[in-house]
Structure formats: C-alpha cells, structure tokens
1. Only one of Glu88, Glu23 is modelled with pLDDT under 80 and open to solvent by 70 Å² or more (accessible area, probe 1.4 Å); which?
2. Condition check: closer than 20 Å to Cys8 by Cα and surrounded by 13 or more Cβ atoms within 10 Å (Cβ to Cβ). Does Ile170 satisfy that?
3. I'd like the full set of residues that are part of a loop (DSSP other than H, G, I, E, B) and touching a helix residue (DSSP H, G or I) at 6+ places or on another chain (Cβ under 7 Å), limited to the range 157-195.
4. With the structure loaded, tell me whether Ala152 is assigned to a loop (DSSP other than H, G, I, E, B), surrounded by 15 or more Cβ atoms within 10 Å (Cβ to Cβ) and touching a residue at least 24 places away in the same chain (Cβ under 8 Å) or whether it fails that test.
Amino acid sequence: GSFQPALCGDQIYFVGFNGIEGENPPAPVYYLKLDGSTDFKGIRGSPFSFTTQHVPLLAASPDGKWLYMTGGSPHVHSVLRRARAGEELAEPFLGKFGKGAKGFTAAPPSSDNGAFSSAGGIDCDARGNIYVCDQLNNRLQIFTGEGKFLKAVPVERPRLLRVHQKTGAIYVLHVPLVKGKGVGRITKLTSLEDP
C-alpha cells in the first residue's frame with residue numbers, strides 16, 4: 001500500500017500496519033533519524049490510534065508538537081491528531097465525528113465546510129496551517145493549527161499535496177477528468193492567500 005511519512009527535524013515518522021478490520025492493537029507510530037539510525041535497539045513504535053491503516057498519510061506541525069493523520073478507517077472522513085511526544089492515542093481533530101460509549105464514532109461523508117468526504121493528502125505550512133485534500137468533494141480545505149476552518153479551494157479529485165515551507169506555494173497531485181478519463185496532474189497553486 002501507499003503511505004506518507006512526516007518529517008520533523010532530523011526524524012521521519014510513519015504509521016505501521018496493525019491488521020485487518022476488527023479488534024486490533026493500536027496502530028504503531030515509528031520514527032527513524034534521517035541517517036537511518038534510531039535511539040533504540042532495533043525499532044520501537046508507540047501507539048498511534050485504534051484505526052486500521054489503509055493509506056496512512058502523516059504531516060507534522062512546524063513546531064514539532066503534533067502529528068496529523070488521514071487515511072485510517074473508520075475515521076476516513078476526519079483528520080486525527082496526536083502529540084508527537086508521549087503515549088496518548090490520536091483523536092479526531094478535523095471533520096465531523098461523534099463521541100460514543102466506546103470512544104469516537106466514525107462520521108458520514110459531508111460536503112459542509114470543515115467536513116470531509118474521504119480526507120486524503122495532508123500537509124502543514126510554516127505558520128502551522130493544515131491543508132487537507134477533500135478528495136470526493138473536489139477541493140482542498142485549509143485550517144488553522146487550532147482547527148478553525150480558513151478556506152476551501154476547488155481542485156478536481158485531489159490526492160496528495162505539499163506546501164513549500166518558504167514560499168507557501170501549494171503543489172497538488174490530482175486526477176482531473178480529461179475527455180472522460182482520469183489523467184494524473186501536478187498543479188502549483190501560488191499560495192493560501194492567492195490560490
């Protein structure tokens with residue numbers, strides 16, 4: 001499968017596989033230093049969340065405090081957030097979700113601002129704003145680091161994105177329909193202020 005690691009300082013973080021749907025242990029988050037070394041004998045993960053990872057996509061806040069993830073079931077229509085340090089499990093942070101007797105409940109897809117229909121690629125800019133591909137709603141959604149909705153930007157079938165940390169340019173991998181067929185494209189948007 002595909003996954004998107006998060007870079008934070010000299011460490012790269014990724015979420016591991018924890019089995020198929022059902023009663024599984026928490027999905028683990030791992031990190032390695034950029035030279036391939038680790039602080040542990042072997043590699044040791046810490047619990048990330050009780051989700052099944054189909055396509056775990058991660059981003060780190062620029063201050064290194066938070067890890068964000070999309071691509072986990074049953075929270076496919078939300079963004080999870082976990083402190084980078086510590087052992088606390090991730091919780092839904094962006095999107096619609098409920099809280100039931102057994103923790104957080106999955107949200108149905110929605111086209112409302114601040115909600116998602118299949119949250120995909122994710123990244124943060126240098127100011128800590130969070131950018132999310134809202135795949136089936138054909139848009140990017142941008143939030144403050146505190147989770148306040150800022151803007152929706154129309155993009156046909158967005159899959160992945162990256163924000164240039166110095167210029168603020170947004171690079172989006174998307175699959176628009178051209179003559180009835182999906183064609184992979186990378187589009188550069190100038191900035192959050194002028195996409």
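The values are calculated or read from the model by the stated rules, or taken from the named source; none is laboratory data. Keep in mind the model is a prediction, meaning the values are calculated, not measured. Because the Cβ atoms are built from the backbone with ideal geometry, glycine has one as well, and the counts that use them run over all protein chains shown. Ligands, DNA and RNA are stripped out before the accessible areas are found, and what is left, the full protein with its side chains, is counted by its heavy atoms. Shrake-Rupley method; radii C 1.70, N 1.55, O 1.52, S 1.80 Å.
1. Just a single option satisfies the conditions, and that option is Glu23.
2. Yes, satisfied.
3. Hit for the range 157-195 is Arg157, nothing else.
4. no
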